[in-house]
Amino acid sequence: MTHWGPELRDGEDTRFRLWAPERDSVELEIDGAPSVAMDRDADGWFTAAAPAPAGTRYRFRLDADLAVPDPASRLQSGGVHGWSVVLDPAFAWSATEWRGRPWEEMVLLEVHAGVLDGFDGIRERLPAIAASGITAIELMPINAFGGTRNWGYDGVLPYAVAEPYGSPAELKTLIDTAHGLGVSVFLDVVYNHFGPDGNYLNAYASDFFHQEVDTPWGGAVAVDADPVHRFFVDNALMWLRDYRFDGLRFDAVHAIANDRFLDRMAEEIRAALPERHVHLVLENEKNDADRLRAGSYDAQWNDDFHNVLHVLLTGETSAYYGDFADHPAERLARCLKEGFIYQGEGSPNHDGKARGKPSGNLPSTAFVAFLQNHDQVGNRAMGERLIQLTDRDRLRAATALLLLCPQIPLLFMGEHEGSESPFLFFTDFHDELADAVREGRRKEFAKFEAFADEEARARIPDPNAKSSFEASVPRPGPDAGAWRALYGELLALRHAHIVPRLKGTVGLTAEAIGEARVKARWRMADGARLTIVIDLGDTPAPIAEEPGMALYRDGDRFASWIAT
């Protein structure tokens, strides 16, 4: 089995590898030293060993006009078109006893390193994050991308830490500090595509892709090929071993369209790290419950939770929100009881095609719930947050539901401080690519009522403008203190009364008892019954008391009880 990337041996010598099946010869170029001809085997793997201690810059020469970085580079010098750098993975860890936290304890906060001043900027915020009751941060993708700023999903070198965010050592310091504070750290990884700037794989390994399978990013990634499978599994293991991440969130696996790859990857990760709490989470538009039922993955992002609540909170029904426009209270009831709303029914936004599989027999913790995330804010034309799209009373009630229901809650950075800063789609592309991304972005929103005409679309911020990035820095809102207090109170209740009973919790009943009013009940691990009533209507009716201990109440909008 051949692994990707450089292998530093004895502190001075390094063995280099590259899979380039379409090339007859490749040279290893080391900055300041003569080139070295690499040996080729029958499978297209090129190898060479050379004196190259940590810090050595290198690249692969394919021909006189083309030298490329290592696709498994651990660090770049000069961006994704520059030199790769040999990296020593050793680090003096402080939180040596850390083994992670159980999945049921997770309250996730999604963060973007770029807008938070890099790894050191996040590290400085960790004490406040830990004190708030948040138990895990989830970094949006941090691997190398073209330019100096990117919202995260245009990476091209999955092993390399993006230079603008900080060094590998600074990333490890961030994770070590988090562990010392009892905070888990997750990483969002993208294995379904590569970005448009700096991906050279087609120049020497076009079999890395199924060219005949069309995707929005070109040919589909050929994860069924052994070298490609190894590329991504080794990448996952590198983040978990070398950097000690506590879990991974796999972006848009529906675009990978290979369940066997997902199953094998999870099996290898579980076998390699049996002594730690390592959590694996999927994003899958297909609402595929099978991966969750098998137990290889802890949970899946539950877009249905967000989508139906967004309709109830804002009244928006354009584009994919149209799937949740009819009888939204009934849809919310199903979501609270069974997880997915679409479990095999036809979805209007998907041309009436059936979407999803039955999920009612899964524990509530198999679903990650959220009111907002990078997609649901950043994919809006103007990047608005919910706080700008609904009234405070409704948002408070929805927040209580998110933090006190048994699904695993995820927050988006700034949310718990009432931030009104937008989170825009931002990039740092140039020339024709910049024009294509700008115009493609505006064309994408033509299906939304508010941007049906060209003049309205012209107001959509240019992703390549530095101002789009600067505007996306999350700043506390004008009533930040009140929001911090609300989140603090709700998270304290969650940790005291929900989390200890959470493992194995299942939905019992859920019903719409009004146009925007739902009552749901769950049976918890110790046999206790959790009841929640939420009313997001214009004129909520009084909520009658239920048996048990009153957990939290917000007027006639929200109430919850636990009966033991």
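The values are calculated or read from the model by the stated rules, or taken from the named source; none is laboratory data. All figures in this text were calculated on a predicted structure; none of them were measured in a lab. So basically every Cβ, Gly included, is an ideal-geometry build from the backbone, and we count neighbours across all protein chains shown. Surface accessibility is based on the protein's heavy atoms, side chains included, excluding ligands, DNA and RNA. Shrake-Rupley method; radii C 1.70, N 1.55, O 1.52, S 1.80 Å.
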Here are labelled values, (1) 24.2, 81; (2) 27.2, 85; (3) 27.0, 92, and one is the computed Rg and Dmax of the Cα atoms in Å for what I pasted. Which one? (1)
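May I ask which of K353/K503; K357/K466; K443/K466; K286/K466; K357/K503; K447/K519 have a Cα-Cα span longer than 31 Å here? Intermediate values should be presented prior to the final figure.
Working: K353/K503 34 Å; K357/K466 42 Å; K443/K466 21 Å; K286/K466 35 Å; K357/K503 22 Å; K447/K519 34 Å.
As for pairs spanning more than 31 Å Cα to Cα, those are K353/K503; K357/K466; K286/K466; K447/K519.
If you rank K172, K503 by how much accessible surface each has, with a 1.4 Å probe, what is the order from largest down? Could the numbers behind the result be given before it?
Numbers: K172 10, K503 140 Å².
The most accessible residue leads, giving K503, K172.
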Span from the the stretch 258-284 Cα centroid across to the the stretch 491-541 one, whole angstrom: 30 Å
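So with the 1.4 Å probe, I'd like the accessible area per residue for the chain, rounded to whole Å². Could the numbers behind the result be given before it?
On the way: 21290 Å² over 564 residues.
Using a 1.4 Å probe on heavy atoms only, each residue of the chain averages 38 Å².
Once you order the gyration tensor axes a ≥ b ≥ c over the Cα atoms, which shape class does the stretch 333-445 get: rounded for a/c under 1.5, otherwise prolate or oblate by comparing a/b with b/c?
Working: a/c = 2.45, a/b = 1.34, b/c = 1.82.
Oblate.
Kindly state, to the nearest 0.05, the FRET efficiency for D290 paired with D391, given R0 = 45 Å and r defined as their beta-carbon distance. Could the numbers behind the result be given before it?
Numbers: r = 40 Å, r/R0 = 0.88.
Computed FRET efficiency for D290 and D391: 0.70.
Quick check on the chain: of the DSSP beta bridges with both residues there, what percent are antiparallel, nearest 5%? Walk me through the numbers before you get to the answer.
Working: 59 of 85 bridges.
Around 70 percent of the beta bridges assigned by DSSP in the chain are antiparallel ones.
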Compute the distance in nm between two label points, each set 7 Å from the Cα along the Cα-to-Cβ direction, one at A90 and one at T314. 5.2 nm
Whose amide H sits under 5 Å from the amide H of F209, counting only residues 5 or more places off or on another chain, with H placed in the peptide plane? A222
Rounded to whole angstrom, the alpha-carbon centroid of the stretch 398-458 lies from that of the stretch 1-52 at a distance of 42 Å
Net charge of Cβ neighbours under 12 Å - reference E104; Lys, Arg +1; Asp, Glu -1: +2
Work out how much length D63 to E345 would gain on full extension: take 0.36 nm times their residue separation and subtract the Cα-Cα distance, in nm to one decimal. 96.2 nm
Between the modelled labels at R15 and D431 (7 Å from Cα along Cα→Cβ) the distance in nm is 3.9 nm
Run the quick spin-label model on D43 and R276: label points 7 Å from Cα toward the beta carbon, then report their separation in nm to one decimal. 2.6 nm
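First compute the accessible area of the stretch 150-249 with a 1.4 Å probe, then give the percent of it belonging to carbon and sulfur atoms.
Working: 1310 of 2780 Å².
C and S fraction of accessible area: 47 percent.
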Once each part is reduced to its C-alpha centroid, what is the distance from the stretch 324-384 to the stretch 117-177 in angstrom? 29 Å
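Taking square-rooted eigenvalues a ≥ b ≥ c of the alpha carbon gyration tensor, is the stretch 17-137 rounded, prolate or oblate, where a/c under 1.5 means rounded and, failing that, a/b exceeding b/c means prolate?
Numbers: a/c = 2.70, a/b = 2.45, b/c = 1.10.
Judged from the Cα gyration tensor, the stretch 17-137 comes out prolate (a/c at least 1.5, a/b above b/c).
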Under 5 Å, built H, 5+ apart or other chain: amide partners of A136: V107, L109, S184
